[in-house]
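Enquirer: Got a structure here, written out as structure tokens. Questions coming.
Bear in mind these aren't lab numbers, they're just calculated from the coordinates by the rules spelled out. Being a predicted model, the structure only gives us computed values, none of them experimental.
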Amino acid sequence: MAKEITEIELKQDLGGVVDPDLGITLEELDAVKQIKINDGLIEVFLELTQPMHWVAGRINDACSKVLNQVAPGYESEISFSEKLRDNSDRQILKNVKNIIAVASGKGGVGKSAVAANLAGALSLKGASVGILDGDVYGPSQPTMFGLRDEQFNATETPDGKVYAYPNEKYGIKVASMGFILNRDEAAIVRGPMLAGYFSMLFEQIEWGPLDFLIFDLPPGTGDIQLTLTQKIPLTGAVVVTTPQEISVADVRRSIAMFKRVNVDILGIIENMSYFTPPELPDKKYNIFGEGGGKTVAKENDIPFLGEVPLDIRMREGNDSGHPVVFENNAQAGIFKNIALSLVSEIRKKNHSYNEAGSMEISI
Ligand SMILES: Nc1ncnc2c1ncn2[C@@H]1O[C@H](COP(=O)(O)OP(=O)(O)O)[C@@H](O)[C@H]1O
Ligand SMILES: [Mg+2]
């Protein structure tokens with residue numbers, strides 16, 4: 001006969017489990033929503049800050065361990081739901097849970113390549129992911145996803161509104177200026193026409209519900225970037241740099257730009273950090289210098305999300321429309337780890353947002 005236990009006791013016991021991203025207990029998070037005990041079965045209902053898939057497994061294991069200790073002889077079932085952010089104040093993209101801008105101070109640092117592979121890493125974890133190619137003059141996501149010959153599928157409603165649907169590859173939804181104009185045309189669009197295309201890209205795409213929208217910003221910190229970061233309701237931004245000083249100097253300008261528009265920087269990713277020749281797997285050559293990304297992150301108290309080495313498979317994958325993250329190799333593993341660190345930062349951001357929201361209500 002199993003020992004008699006109560007729901008209140010169990011709630012206390014489970015309340016001590018810590019959310020690994022947030023470093024806060026389930027009790028402090030008010031995450032244990034309900035416990036039912038019936039015929040030797042304990043059912044636990046937890047509500048976690050989104051996105052939760054990344055921590056659900058670990059929290060499930062920690063809770064099961066506690067239940068085995070305090071309620072031996074009982075079966076247990078733990079179910080999860082997500083604490084969602086209130087998006088009712090948004091004008092656009094209400095169905096998108098997290099919008100992450102990927103930015104860089106200058107072009108050619110691999111921002112688009114990193115964006116494509118991050119989108120892939122998140123999608124491989126089962127999340128619904130879209131990628132918005134905001135680089136109107138040099139759209140590269142159609143190439144990176146092998147969608148160069150595609151155009152938007154669009155419909156017009158009787159009152160003249162146009163809705164465009166993203167193209168899909170590897171389960172990821174992709175929208176790009178490249179689906180409206182080819183590269184040569186895109187390079188010469190200016191003024192009012194550009195404004196029209198912008199509103200099409202940012203307001204008329206039917207994404208459907210998404211866990212993540214990765215927004216590949218055009219390189220630089222000019223007016224276009226500033227307008228775009230204000231137009232789109234960003235969860236936060238990721239800044240990509242290479243290790244050398246000139247690239248890092250541009251990152252400082254990016255950081256200043258995001259500060260100006262009150263967008264949090266979720267982290268810095270250093271690309272092209274080193275090169276390891278396949279035949280010398282223990283060697284690391286710092287072709288573009290060393291440690292710039294970490295230094296600038298530390299200087300500004302921004303999380304450093306990881307280093308991506310130079311790898312020919314990455315360049316080949318980008319050119320052939322098959323991002324390297326979908327392969328089974330070390331470079332793919334690196335992107336999966338970076339995505340894990342990014343999600344952890346997103347969860348912290350969403351947690352503080354929810355906290356601020358609930359504080360407002362209690363005033
Ligand atoms: N870590 C890497 N290893 C090898 N090639 C890379 C790496 N990162 C980016 N590239 C390649 O460098 C070029 C520029 O990258 P891209 O993502 O287009 O830069 P950006 O968007 O910053 O202008 C592309 O050909 C891309 O495939
Ligand atoms: Mg690019």
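Enquirer: Just the number, please: percent antiparallel of the DSSP beta bridges in the stretch 126-239, rounded to the nearest 5.
Expert: Antiparallel: roughly 40 percent of the beta bridges in the stretch 126-239.
Enquirer: Compute a Gaussian network model of the chain, connecting alpha carbons closer than 10 Å, and tell me which residue from Ala121, Ala249, Ala339 fluctuates the most.
Expert: Taking springs between Cα atoms under 10 Å, the residue moving most is Ala249.
Enquirer: Given a 10 angstrom Cα cut-off, can you work out which residue in Phe45, Phe202, Phe304 is the most mobile in a GNM of the chain?
Expert: Greatest mean-square fluctuation among the candidates belongs to Phe45.
Enquirer: Within the chain, what percent of beta bridges assigned by DSSP are antiparallel, to the nearest 5?
Expert: 30 percent
Enquirer: Hey, in the GNM for the chain with a 10 angstrom Cα cutoff, which one of Lys336, Lys259, Lys83 fluctuates hardest?
Expert: Taking springs between Cα atoms under 10 Å, the residue moving most is Lys259.
Enquirer: Given the rule -39500 (n - 2.57) for each run of at least 4 DSSP H residues, summed and divided by the residues of the chain, what is its mean residue ellipticity at 222 nm, to the nearest 500 deg cm²/dmol?
Expert: So the helix-based figure for the chain works out to -12000 deg cm²/dmol.
Enquirer: ³J(HN,Hα) across the stretch 88-102 via Karplus (A = 6.51, B = -1.76, C = 1.60, θ = phi - 60°), whole Hz, x for Gly/Pro?
Expert: Values per residue, Gly and Pro as x: 5, 7, 7, 7, 10, 6, 5, 8, 9, 6, 9, 10, 10, 7, 10 Hz.
Enquirer: What whole-number distance in Å separates the alpha-carbon centres of the stretch 262-304 and the stretch 126-144?
Expert: Centre-to-centre distance over Cα atoms comes out at 23 Å.
Enquirer: Hey, another quick one. How big, on average over all directions, is the shadow cast by the Cα convex hull of the stretch 7-83, in nm²?
Expert: Directional mean of the projected Cα hull area for the stretch 7-83 stands at 4.4 nm².
Enquirer: If the cut-off is a Cα-Cα distance under 14 Å, which aspartates and glutamates reach Lys173, setting aside same-chain residues fewer than 8 apart in sequence?
Expert: Straight-line reach from Lys173, under 14 Å: Asp133, Glu150, Glu206, Asp211, Asp216.
Enquirer: May I pose another question? Excluding residues on the same chain fewer than 8 positions from Lys294, give the aspartates and glutamates whose Cα lies under 14 Å from its Cα.
Expert: Glu245, Glu270, Glu307
Enquirer: Hey, what angle do you get for helix 53-70 against the long axis of the chain, alpha-carbon based, 0 to 90 degrees rounded to 10?
Expert: Helix 53-70 and the main axis of the chain meet at about 10 degrees.
Enquirer: Any chance you could give the angle, 0 to 90 degrees and rounded to 10, that helix 111-124 forms with the longest Cα principal axis of the chain?
Expert: 30 degrees
Enquirer: Eigenvalues of the Cα gyration tensor times 5, then square-rooted: what semi-axes does that give for the chain, in whole angstrom, largest first?
Expert: 39, 26, 20
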